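Right, one structure below, let's go through it.
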Amino acid sequence: MAEVVVRAIEARDVDAVVAMVYELAVHEEMPEHCHLEPEQLHRALFGERPALFGLVAEHDGQVDGYALYFLNFSTWDGVHGIYVEDLYIRPTLRGRGVGRQMWSHLARTAVERGYTRLECVTLHENTLGMDVHLKLGARPLTDWQVLRWDGTALHDLAGTSPSG
């Protein structure tokens, strides 16, 4: 197998990453919830004040994996951490250490920048992903519960209507 190169995402990678985001949505059996457009991802990654960052796994000149992440902040540690929103590898590259390579790259980025955390959320049904994360040394935070306001609940809390 040719070498897989993990590198920072570039503008030329956006269309491939968006396609994989949709592949991930299908894999997670939620394609109806995926609405990402290439322009949105490009703006988030490369706009005037980007708040999203990314890596890609490139194999034989093709992007076959990605990780999208942003910074969080620990008020107790007083420094940032990395929160990985998605890490996806196409089936053709799975089981070849590419996930480890990408997680290691993210961990090095955190350590080099003085961050104290590297975090992600995994669906309960994603037992393969959970197994990989645990093998790489992640520990589940069972004492924390993820909470989300979205849709009507978000607008209710904001005191706005969903149409504007």
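Coordinate-derived values only; no laboratory data. These figures come from a predicted structure and were not determined experimentally. All Cβ positions, glycine included, derive from the backbone under ideal geometry; neighbour counts span all protein chains shown.
The local environment of residue 3, defined by Cβ-Cβ distances under 15 Å, has a net charge of 0 under the rule Lys, Arg +1 and Asp, Glu -1.
Among residues other than residue 54 with Cβ under 15 Å from its Cβ, the summed charge is -4 (Lys and Arg +1, Asp and Glu -1). Note on the chain: with a GNM built from Cα contacts shorter than 10 Å, the maximum mean-square fluctuation among 61, 151, 114 falls on 151.
Legend: calculated FRET efficiency, residue 163 to residue 10, from the Cβ-Cβ distance at R0 = 35 Å, rounded to 0.05, equals 0.45.
Of the GluC sites (Glu not before Pro) in segment 1-45, the ones in a loop by DSSP (not H, G, I, E or B) with at most 16 other beta carbons within 10 Å are 3, 10, 28, 29. Rounded to the nearest 500, the 222 nm mean residue ellipticity of the chain from helices alone is -10000 deg cm²/dmol, with -39,500 (n - 2.57) taken per DSSP H run of at least 4 residues. A DSSP coil position with no more than 14 other Cβ atoms inside 10 Å describes the following chymotrypsin sites (Phe, Trp or Tyr not before Pro) in segment 1-98: 76. Annotation note: GluC sites (Glu not before Pro) in segment 40-145 located in DSSP loop regions with a Cβ neighbour count of at most 11 within 10 Å are 48, 125. Normalised radius of gyration (Cα atoms, divided by 2.2 N^0.38 Å) for segment 71-142: 1.16.
Dimensions of segment 4-120 from C-alpha coordinates, computed as largest minus smallest value along each principal axis and given longest first, are 38, 31, 27 Å.
Between segment 54-80 and segment 82-122, how many Å separate their Cα centres? When both Cα centres are located, 6 Å separates them.
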